[in-house]
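Structure, as structure tokens:
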Amino acid sequence: MTNKAKYNERLNRINDAIALKEGDVPLIPIIQCYPYIQAGYTMADILYDTEVTKARESIFKYLDDYQPDALMGHSYVSIGQGPILELANPHTTRWAGMPGDIIDKNSIHQFIEFPFLEEDEFDMFFNDRSGWVMNVGMPRTTGLLEPMKAFRPGQMNVYNSHSAVANAVSTPEFKDMIKKLWKINEINAALQPKLAQLNVDVEEYGYPVLAMGGAGVPYDGYSDFLRGTLDGLADLYERPEQVMAYCEEQLEKTLAAIKMQGQRIPGKHVFMALHKGMDGFMSDEHYRDFYWNHLQIIINAIIDAGMVPYIYTEGKYTSRLECLKEVPEGKVIYHFEEVDIVKAKKELGGTACIAGAFPVYLLDYGTKQQVIDEVKRIIDVCAPGGGYIFETSCGMDYAKPENVEAMVETVRTYGKK
């Protein structure tokens, strides 16, 4: 069978599951760090792999070893971004291989959350967004951009403004920042085509690449990148009008971006990680008003643009199932990290494709028999009637190879129609 035929066979299996058709269960483990570690590399090696040679070797070895139905999760690890992160000096990120080895060389990068938008800055944020972003937001999140604190074009006269701008950007700090920004652009200009070509080559090798598009829920952006988890939650009670104003503003930008993706990658899957919608984080009323209301609009926009929404729910998500079923039938993938899988199948089985819910910790710490038993249990619940893709709950990372082999073999045999 040719690679093209294998690709079509795998993609048809996935598309049948999305369309709620009964058939062989597609196998799509979320790989994250696993292939790179198994190939003998550290994640620090991969973060500084600007030629993408180590990542490429690892991924194709993984594909040959396990022959999944698609490649998923390989891009979560910021391949080749190490030199860019060093130049940018983000206050929000720790990464494998960074100077000082602050985190383990085999760790995925870590996000450092803090309120970027402070309590006394809301008036400026809503009335002078460009000023806040330029003079406050960017310097607060990225060390490289700290010279932007002093760049205030709003205070310059239009007449003779060239001299004012020239003076502002000619400080030693500003010159150094500009040189590093040029370097970042040079690295990206060389790196991005290599990453894009990797996806092309994987698909030509016979494997669909899942989740090539991206989108986000506006409230997640508010909580993740402006106010932080705790302040973002408190704001739902203390300043709901301002939270909603930001979310509505971001919704329009998201919908415009989805239209562009639909023209660029028609038919592909659009990945959306749901960061702050899990059980218990916010009330049911707040979830509908500030979260699901926008998520549902975005899901429908992705479908209307000719793409497939791939919704990755983080944390426990059982209490949100009633909302999740309010989508067009046979058009959406819902990936679960943790959920009452019996209830999820009952609520969503005739509406959306279910994926995930296989606990990764069993691959790390369980026995082969425990892995086999859990695979069979989930398939028994989810496969009847169609609409199920077997995925790990999250990235496999440090899984035992013998357990991964047991999982793959069980899905291939027990999940066959």
Cβ-Cβ FRET estimate between residue 413 and residue 118, R0 fixed at 45 Å, reported to 0.05: 0.20
Degrees, to the nearest 10: 293-304 long Cα axis against longest axis of the chain: 70
Net charge, residue 179 excluded, C-beta distance under 13 Å - Lys, Arg +1, Asp, Glu -1: 0
Mean-position separation - Cα centroids, segment 359-416 and segment 165-222, in angstrom: 35
Whole-angstrom gap from segment 37-54 to segment 90-152, using each part's C-alpha centre: 27
Chain lengthening between residue 64 and residue 238 when straightened (0.36 nm per residue, less Cα-Cα): 57.2 nm
Chymotrypsin sites (Phe, Trp or Tyr not before Pro) lying in DSSP loop within segment 158-218, provided at most 14 other Cβ fall within 10 Å: 159
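Let me check I've understood the local charge: for residue 338, count other residues with C-beta under 11 angstrom from its C-beta, Lys and Arg +1, Asp and Glu -1. What total comes out? It would help to have the intermediate numbers written out before the result.
On the way: positive: 316; negative: 279, 314, 337, 340.
Residues near residue 338 contribute -3 overall.
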Tilt relative to the chain, helix 172-204 - C-alpha long axis, 0 to 90 degrees, to 10: 20
Of 119, 329, 405, the one that fluctuates the most in a GNM where the chain has Cα springs shorter than 10 Å: 119
Neighbour net charge for residue 398 - beta-carbon separation under 14 angstrom, K R +1, D E -1: -2
Set of aspartates and glutamates with alpha-carbon distance to residue 105 below 20 Å, sequence-local pairs under 8 removed: 45, 49, 51, 57, 86, 364, 397
Heavy atoms of residue 75: accessible area, 1.4 Å probe, square angstrom to 10: 80
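The values are calculated or read from the model by the stated rules, or taken from the named source; none is laboratory data. All values derive from a computational prediction rather than experimental measurement. Neighbour counts run over all protein chains shown; Cβ positions are idealised from the backbone, glycine included. The accessibility values were calculated without ligands, DNA or RNA, using every heavy atom of the protein model including side chains. Shrake-Rupley method; radii C 1.70, N 1.55, O 1.52, S 1.80 Å.
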